[in-house]
């Protein structure tokens, strides 16, 4: 797994998780360690959002926003399978939310890619 160097610090600095814990979660020796994977995902979805004034570094804020969005996707996908107390309606709502979030993310990525291609062609 390869994350930008800002991503672990975005987690560690404001979620009271040490950099060592983050590195252990991101570099597991055992790729079949389900608990370690779940711990990583739960740390990401537990991240609090930041106010734009919370940090003067825009890259940090953008990274945190991306991780919070990813955390929302993770919890919507995983919770229906691990939380047996949820009703069928609640499970379907979470999975539907995840599907819509994925569609929005794909759509945004395509718009960004086409915008970059358009700018490249325009400058050539």
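The values are calculated or read from the model by the stated rules, or taken from the named source; none is laboratory data. It should be emphasised that the depicted structure is a prediction, and the values quoted were computed from it without experimental measurement. No Cβ is skipped: glycine too gets one built from the backbone with ideal geometry, and neighbour counts run over all protein chains shown.
Conditions first: (1) modelled with pLDDT of 70 or more; (2) within 14 Å of the chain's Cα centre (by Cα). Residue 99 passes all but one, so which condition is the exception?
The single condition residue 99 does not satisfy is (2).
Let's see how each residue does on (1) surrounded by 15 or more Cβ atoms within 10 Å (Cβ to Cβ); (2) at pLDDT 75 or above:
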{"site": "24", "(1), (2)": "no, no"}
{"site": "30", "(1), (2)": "no, no"}
{"site": "33", "(1), (2)": "no, no"}
{"site": "38", "(1), (2)": "no, yes"}
{"site": "43", "(1), (2)": "yes, yes"}
{"site": "55", "(1), (2)": "yes, no"}
{"site": "61", "(1), (2)": "yes, yes"}
{"site": "71", "(1), (2)": "yes, yes"}
{"site": "74", "(1), (2)": "yes, yes"}
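Pairs please, first residue from region 76-90 and farther than 16 Å from residue 102 by Cβ, second anywhere and at pLDDT 95 or above and surrounded by fewer than 16 Cβ atoms within 10 Å (Cβ to Cβ), Cβ atoms under 8 Å, 6+ apart in sequence or on different chains.
Short answer, once both residue conditions are applied: none.
So which of 101, 50 ends up being surrounded by 10 or more Cβ atoms within 10 Å (Cβ to Cβ) and closer than 21 Å to residue 18 by Cβ? Please lay out each step first, then the result.
On the way: 101 fails: closer than 21 Å to residue 18 by Cβ.
Going through 101, 50 in turn, the sole match is 50.
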